[in-house]
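One structure is given below, encoded as structure tokens.
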Amino acid sequence: MVAAGGFLSFHRKRIIELAEKNRLPAIYSSVTYVEAGGLMFYGEDRSEMFRRAAEIVDKILKGTKPADIPVERPKKFDLVINLKAAKQIGLTIPPEVLARANRIIR
């Protein structure tokens, strides 16, 4: 599992290349890794989180005290799988997992 962070994100391409070269299945902290050739991402739907944040800002601007707004956990998660990356490392993704994916990159 590749964690989030500026340093790792800066070296995204090299990290993906090393995982592929060593035939390591890796799950990444951002969908951008998968779009760049990484195997898979599973995590919160960030666009949904930004929408929720906008709703909270709206409540505050309308007079709700921030202390009165409950803390929320993410409610929607995404699974993105790159089948090309799976093939390159010789990994077969089970159909049950593919069926649960929000997006499949071929």
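The values are calculated or read from the model by the stated rules, or taken from the named source; none is laboratory data. Please read all numbers here as calculations on a predicted model, not as lab measurements. Here Cβ is always computed from backbone atoms with ideal geometry, including for glycine, and neighbour counts include all displayed protein chains. These area figures cover heavy atoms from the full protein model, side chains too; ligands, DNA and RNA do not enter into them. Shrake-Rupley method; radii C 1.70, N 1.55, O 1.52, S 1.80 Å.
Observations
- Filter pass, ARG23 being open to solvent by 80 Å² or more (accessible area, probe 1.4 Å), on the phi > 0 side of the Ramachandran plot and either hydrophobic (A, V, I, L, M, F, W, C) or not in a helix (DSSP H, G or I) (or both): yes
- Residue check, ARG52 basic (Lys, Arg) and free of Cβ contacts under 8 Å to residues at least 12 places away in the same chain: no
- Taking the criterion of being open to solvent by less than 40 Å² (accessible area, probe 1.4 Å) and either modelled with pLDDT of 95 or more or in contact with a helix residue (DSSP H, G or I) (Cβ under 9 Å, 6 or more places away or on another chain) (or both), the residues of the range 1-20 that qualify are VAL2, ILE15, ILE16, ALA19.
- Every test in (1) among the basic types (Lys, Arg); (2) open to solvent by 90 Å² or more (accessible area, probe 1.4 Å); (3) assigned to a helix (DSSP H, G or I) is passed by ARG52 save one, and that test is (2).
- The set of residues from the range 68-85 being without any contact (Cβ under 8 Å) to a residue 60 or more places away in the chain and either closer than 18 Å to GLU20 by Cβ or assigned to a strand (DSSP E or B) (or both) comprises PHE77, ASP78, LEU79, VAL80, ILE81, ASN82, LEU83, LYS84.
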